[in-house]
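The values are calculated or read from the model by the stated rules, or taken from the named source; none is laboratory data. Quick caveat: nothing in here was measured; it's all calculated off a predicted structure. Backbone-built Cβ (ideal geometry, glycine too); neighbour counts: all protein chains shown. For the accessible areas, the whole protein counts, side chains as well, though only heavy atoms, and no ligand, DNA or RNA atoms are used. Shrake-Rupley method; radii C 1.70, N 1.55, O 1.52, S 1.80 Å.
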Amino acid sequence: MILAVRPQDRVEALAGLRVGDDRVVVSVMTGVAISELRRMLGTDAPMVRAIPLPSARERRSVTVTCPSHPAVDDLFGGLGGTLPVADEATLNVFQALTATLTTHYRYLATLSDWATRQGIPPEGADRYLRGLFQGVGRALGDDTRSLQQLASDHETPRGLNERLRTTWFDAANAEALARALDALLADLG
């Protein structure tokens with residue numbers, strides 16, 4: 001049984017639902033602990049929290065699961081793989097990381113808007129950025145290189161990439177991102 005409701009709707013959506021102990025319950029609700037679900041559903045059935053990503057529809061989603069369960073890991077393994085973690089605190093870290101997805105798209109949209117203000121037609125800016133970052137995405141498939149190494153691979157010393165990284169994504173910007181992620185994690189815990 002997969003529970004996929006917005007966390008704020010869980011009380012109403014799950015009211016009266018009872019689950020037999022012979023079922024396996026998979027919750028994809030953000031920030032809802034297994035202990036709370038057990039109380040709400042009145043069951044001792046095996047429960048797993050999971051974070052499937054939109055790329056599951058293309059069978060390219062690495063789905064974080066907690067705790068590991070053979071049937072659940074098999075299900076999500078067929079959708080791109082699983083990354084089982086030992087505890088819900090660790091799962092919440094991955095949940096916070098997942099929250100960066102739309103920020104990435106907004107970043108790209110901001111770059112496109114900037115290029116348009118410089119006189120580039122919107123469709124040209126979008127096409128170029130999509131191609132640029134699809135190429136970067138393919139580089140992520142090389143798991144023999146750390147993310148830091150990939151960044152270095154794409155940066156010429158004293159070149160344009162280094163200049164933008166050190167002037168825009170400086171220590172203060174990185175710390176602001178870390179603080180935002182810390183706040184999300186605190187809300188999830």
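Worth a mention:
- Once C-alpha pairs closer than 8 Å and six or more residues apart are averaged by separation and normalised to the residue number of the chain, the relative contact order reads 14 percent.
- Answer label, with Rg and Dmax of the Cα atoms in Å calculated from the coordinates and candidates [x] 15.9, 49; [y] 20.4, 63; [z] 23.5, 73: [y]
- Protection proxy ranking for 57-69, 134-146, 9-21, using the average of other Cβ atoms within 10 Å per residue and placing the highest first: 57-69, 9-21, 134-146.
- Portion, in percent, of the accessible area of the chain that falls on carbon or sulfur, probe 1.4 Å: 56
- HN-Hα J in Hz across the range 151-156 - Karplus 6.51, -1.76, 1.60, θ = phi - 60°, x for Gly and Pro: 4, 5, 4, 9, 10, 8
- DSSP loop chymotrypsin sites (Phe, Trp or Tyr not before Pro) with at most 11 other Cβ within 10 Å: longest gap in the chain: 1-167
- Of the residues VAL11, ALA99, ALA33, the one whose Cα sits farthest toward the positive end of the charge dipole of the range 5-107, with +1 on the Cβ of Lys and Arg and -1 on the Cβ of Asp and Glu, is ALA99.
- Separation of alpha-carbon centers, the range 66-95 and the range 1-57, rounded to whole Å: 14
- When you count the other C-beta atoms within 10 angstrom of each residue and take the mean per peptide, 82-92, 174-184 line up highest first as 82-92, 174-184.
- Accessible area per residue in Å² at 1.4 Å probe, computed on the range 55-105: 58
- Net charge over other residues, Cβ less than 14 angstrom from the Cβ of PRO122 (K, R count +1; D, E count -1): 0
- Extension gain, LEU181 back to VAL136 (0.36 nm per residue minus Cα-Cα distance, nm): 13.8 nm
- Summed residue charge, Cβ within 14 Å of VAL136's Cβ, Lys/Arg positive, Asp/Glu negative: +1
- Debye, to nearest 20: dipole size of the range 11-162, +1 on Lys, Arg Cβ, -1 on Asp, Glu Cβ: 360
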